[in-house]
Every structure is written in structure tokens, then in C-alpha cells.
1. Just to be sure before I move on: is G168 crowded, with 21+ Cβ neighbours inside 10 Å and assigned by TED's automatic domain parsing to the domain that holds P199 in the structure I sent?
2. Out of the strands (runs of 3 or more DSSP E) lying entirely within the range 268-340, which hold 2 or more residues that are away from the ligand (no atom under 16 Å from the Cβ) and acidic (D, E)?
3. Can you tell me which of (1) under 19 Å from L75 (Cα atoms); (2) away from the ligand (no atom under 14 Å from the Cβ); (3) in a strand (DSSP E or B) is the one R264 doesn't meet?
4. Here's a check for you: in the range 158-182, which residue that is in contact with a Phe, Trp or Tyr (Cβ under 7 Å, 6 or more places away or on another chain) and in a loop (DSSP other than H, G, I, E, B) is farthest from G235 (Cα to Cα)?
5. Any residue at all in the range 143-156 that's surrounded by fewer than 18 Cβ atoms within 10 Å (Cβ to Cβ), over 21 Å from T99 (Cα atoms) and among the hydrophobic types (A, V, I, L, M, F, W, C)?
6. Can you spot a residue in the range 66-89 that is assigned to a strand (DSSP E or B), small (G, A, S) and either more than 24 Å from G248 (Cα to Cα) or more than 14 Å from the chain's Cα centre (by Cα) (or both)?
7. Restricting to the range 184-198, name every residue that is over 17 Å from L233 (Cα atoms) and either out of contact with any Asp or Glu (no Cβ under 8 Å at 6 or more places or on another chain) or without any contact (Cβ under 8 Å) to a residue 40 or more places away in the chain (or both).
Amino acid sequence: MRNPLEVGPIEAPSGGTAEGLVQIGELADGITPVQVPVWIVNGKSDGPIVYLHAGAHGQETNYSVEMLHRLRRALDPARIKGAVIAVPLANILAHQFATRVAPHYAAREGIPFAGDLHKVFPGDPRGSITQRIAHFLWTEIVRQSDAAVDLHAVGHPGMPFCFMYRGGKQEAVGTPVWDLSLAMARAFGLTLITTGPNPLCLAGACLDAGKPAFMVEMAMARVLDETTVTAALRGTRNVLIQLGVIDGTIEKQTDVFVLPTEHRTLPTIRAERGGFINFEVECGQFLKAGTVIARTRDVFGKVVEEIIMPADGYVMTFPPLSWVGNQSVATGDLVADIFA
Ligand SMILES: [Zn+2]
């Protein structure tokens, strides 16, 4: 028999569910609240508490809201072991404008990335409003959780993948918490790509705290693409099965593109010349070093740059960071995220 589960003022009884909004602060009118939506499904039987974290970036939100809605309807608190805590839309301010960070930061934040909820864990109770959201998520949810999944999305064109920081403050590869994280990501079932350690991202901070965690990057985030929602739901259910929260058999991802084995990021490619990008390869297609992956044209249609693959590998998304409308670039803008 489990205890009731509390997240701030929201309490789910043993064998019950709860949902609510947690207020973090207000906007500049003094009356518009900045809130975090939370739902909890608390099992009757003991087991791990799993945190499903979504919507840290406001342009990556719709698919995960829909997926978590479907998951929640399928979770029976009388049958699950442990509990699921979900935040379907962690960064509501950024969601309103489909931007990576809340737009008001452009005018008011001096601290780089203080407005990027993905880069401020474990947060700061006296920091920016985004740092305060991270602090709430960390202290009220992550601390009592045993594992976390951080749901994001890449821009279009892009391929879905599981993304893993290879540690927080230091490399975690080879440690028990890394092995558990790897098992969760493998259960999710997408192409597995790792990158360097990062203590400020939720998954990296979790590794530092001894909690297994990984990220998911789906494609087609802001449109309700059925294949994307279904694959994300299958993957999340697989993780809950792997952790013993629900019964069932782990299902292979069959409807989305998956590369075998494990891969590593290569440095992101930036544009030397500004202009309009024409992509010439598919995401996930193997490319030899030197392949032209895109051509940049100026407003008169003249090719001003050929974007070259610097090493053998693959493109995972054009453009990186799912910046809406970023398929035209200025000099220095990010053009492609790539991996080997
Ligand atoms: Zn993201």
C-alpha cells in the first residue's frame, strides 16, 4: 500500500489520481499567473515513481500533450506499481508563442539561457521565473522520483531519436545510473544518440543525482501527427514496462525510422553565408564526408553556399533547436545537427 503522493498543493491518494496547477509567479500585470500543470497517477502497489517531463521548449509541445493525455487515460491506479507524475507543458509562457524560451526574456534577461528551461536545472528559487519553474520541478517532483523522461522534439525535416547526455558534471558512462538510463532509452526504442555531459539539462542533473534519465526527440511536434503521437506513446509505455510500473511486453518501434546501434553527435554545422536553405539529403541517410547536404540561395536565387558534411555520418535535423521558420538563415545561424 503506497502513501498519498504530493506535488505542491496537488495530492493523489494511494490508488488514485489528481491534477492541478501550481503557481510560480505572475506576469507584469500582477494578475496573470505563471503556472505549471501537473497530473499524478498514484498506484495502490509499491514501485518506482516516474517523472514524465514535457514542453520545456514551447515549439515542441503539442505531440507530448496529446501523448500524455492518451497515456493517462490508459493508466489504472488500481493496477500500476509505483506512480507516474507528468508535467505536460512545463514552459507555458514559451508555448503561447511556439518559441524555445518565453518571449519576454528577449527584453528583460541579461543572463544567457536564464530563460531556457532546458538549461537551468536544478533551478534557483531566487532566480528568473524560468529558474524558479525548474526549482519547483526539481524540488517537488524530481527529488521524489526514481527516473525521468524528458520529452522534446526536433524541427522539420528531422528524425526521431533518444538523446542522452553522457553525464552531468562529469561522465557517467559505465556507472550503474548510466546503465539504467541506457536500458530506459533502449526500451523507448528509437535511434540512440549520445552527446557530451551537461549538468544544467534535466537528464544530466538527474544523472548527477543518481536518477536514471534520458531525452526523447520526436519530429513533427506542433502538428498532431498520428505516427509521432503513437510512437511516443509506444516508447513511453515501453519505459514504464521496463521499469515495472505497468505490465506488458516491450513493443518495437515499427512506424518510425530507427537506425541500429548507438551513435554520437558531431559538432553542429553553422551557416557561413545567409540565405534560403534547400536541403538535398534525407535525415537518417548515411552520408560520406564531403557530401553537399544543402545549398543556400540568396533572394535572387543565386547559390551562395554549399553546406558540406564534414565527416561520415547522418543529419538528424535541419535546422537544429526546432526554430520555427529557420529554414532561412543568417551567417552564423545553425543549419544542421549531425551525428556519426
Ligand atoms: Zn527541446
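The values are calculated or read from the model by the stated rules, or taken from the named source; none is laboratory data. None of these values were measured; they are calculated from a predicted model. Neighbour counts run over all protein chains shown; Cβ positions are idealised from the backbone, glycine included.
1. Working: crowded, with 21+ Cβ neighbours inside 10 Å: yes; assigned by TED's automatic domain parsing to the domain that holds P199: yes.
Spelling it out, G168 is indeed crowded, with 21+ Cβ neighbours inside 10 Å and assigned by TED's automatic domain parsing to the domain that holds P199.
2. 303-308
3. The number of the failed condition is (1).
4. A172
5. no
6. Initially, the range 66-89 is screened for residues assigned to a strand (DSSP E or B), giving 81-87.
Pick out the ones that are also small (G, A, S) and you get 82-83, 86.
Of the ones still in play, those that are also either more than 24 Å from G248 (Cα to Cα) or more than 14 Å from the chain's Cα centre (by Cα) (or both) are 82-83.
Taking every residue of the range 66-89 in turn, at least one turns out to be assigned to a strand (DSSP E or B), small (G, A, S) and either more than 24 Å from G248 (Cα to Cα) or more than 14 Å from the chain's Cα centre (by Cα) (or both).
7. Once the filter is applied, which keeps residues that are over 17 Å from L233 (Cα atoms) and either out of contact with any Asp or Glu (no Cβ under 8 Å at 6 or more places or on another chain) or without any contact (Cβ under 8 Å) to a residue 40 or more places away in the chain (or both), the range 184-198 yields T195, G196, P197, N198.
Okay, residues lined up against (1) at pLDDT 95 or above; (2) in a strand (DSSP E or B); (3) hydroxyl-bearing (S, T, Y):
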site: M184; (1), (2), (3): yes, no, no
site: A221; (1), (2), (3): no, no, no
site: T230; (1), (2), (3): yes, no, yes
site: L233; (1), (2), (3): yes, no, no
site: T236; (1), (2), (3): yes, no, yes
site: G244; (1), (2), (3): yes, no, no
